[in-house]
Amino acid sequence: MWEINTVPNTNVKGVSLLAGVGGTDNNSTGQLSFGGYAEIALGSYDSEHTFKQQKIATEGNTKHYGVGAALQQNFDNNVIIKGGVRIGNSITDYASKDILYDSKPTTIKFKTKRRYTSAYAGVGYDVKVNDTMSITPYANVHYTNYGKADVTIKGQQFKLDLACLGA
């Protein structure tokens, strides 16, 4: 179970579960580790913000579920390369009773269901400190795409799209 409290006032609560299987294979260049997994997460949020003397409270729920796979090759020369992919679905609902529409507080609700895909690749070097300990600095590049969703609120159509690239 995790909980995040942010400023001005957003509370996020949830639980996530990841289960998988994996293995290793000693090969001519070192050792290959591989695995697959399934993931699910359920959460809820509520927030309260003030914009131009108007207080807006929102709430909602989110869940995602998917599968993924990961590989890591540890070479005999202490170089490491790794990568992985994920795919799944994300379902989120949003509600607020405080949005002003035609100068009146109005209830706004919507739900999105989007496919997510993610991939990462990385490289590192295993520095042996002694026989039982090592330090492994590495660099990763991550890409995530949450797909597109169309939401209609009070007759106005909004297109939601999210993709992130990070290191």
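Of all the stretches in the chain, which is the longest one without any exposed loop site, taking trypsin sites (Lys or Arg not before Pro) in a DSSP loop (any state but H, G, I, E, B) with at most 16 other Cβ atoms within 10 Å?
53-153
Modelled label-to-label distance, LYS97 and ASN9, 7 Å Cα→beta-carbon offset: nm?
Here the modelled spin labels are 1.5 nm apart.
So, with a 1.4 angstrom probe, what is the percent of accessible area on the chain that is carbon and sulfur?
C and S atoms contribute 57 percent here.
Convert each backbone phi in the range 32-38 into a coupling constant with the Karplus relation 6.51 cos²θ - 1.76 cosθ + 1.60 (shift: θ = phi - 60°), then list the ³J(HN,Hα) values in order as whole Hz, x for Gly and Pro.
Running phi through 6.51 cos²θ - 1.76 cosθ + 1.60 with θ = phi - 60° gives 9, 10, 8, x, x, 8, 10 Hz.
In whole Hz, with x marking every Gly and Pro, tabulate ³J(HN,Hα) for the range 157-165 from phi via Karplus 6.51 cos²θ - 1.76 cosθ + 1.60, θ = phi - 60°.
In residue order, the calculated couplings are 8, 10, 10, 9, 8, 9, 9, 10, 10 Hz.
Give me the orientation-averaged projected area of the Cα convex hull of the range 37-81, in nm², one decimal.
One quarter of the hull surface, i.e. the mean projection, equals 6.2 nm².
Taking the Cα atoms of the chain, report the difference between the largest and smallest coordinate on each principal axis, in whole Å and largest first.
Computed over the chain, the largest-to-smallest principal extents equal 70, 29, 25 Å.
In Å², what does the accessible area per residue of the range 57-167 work out to with a 1.4 Å probe?
Accessible area per residue, the range 57-167: 67 Å².
Which order do VAL15, VAL79 take when ranked by solvent-accessible area (1.4 Å probe, heavy atoms of all protein chains), largest first?
Ranked from most to least accessible, the order is VAL15, VAL79.
Return the sequence-ordered ³J(HN,Hα) values of the range 132-138 in whole Hz as given by the Karplus equation 6.51 cos²θ - 1.76 cosθ + 1.60 applied to θ = phi - 60°, using x for Gly and Pro.
Coupling constants for the range 132-138: 10, 9, 9, 10, 10, x, 8 Hz.
Would you list the P(r) distribution for the range 59-134, with all Cα-Cα distances sorted into 5 Å bins from 0 and each bin expressed as a whole %?
For the range 59-134, the binned pair fractions read 3, 12, 12, 11, 10, 9, 9, 8, 7, 6, 5, 4, 3, 1, 0 percent.
The values are calculated or read from the model by the stated rules, or taken from the named source; none is laboratory data. Just so we're clear, the structure is a prediction, and the values are computed from it rather than from any experiment. Backbone-built Cβ (ideal geometry, glycine too); neighbour counts: all protein chains shown. Side chains included, ligands, DNA and RNA excluded: accessible areas come from the protein's heavy atoms. Shrake-Rupley method; radii C 1.70, N 1.55, O 1.52, S 1.80 Å.
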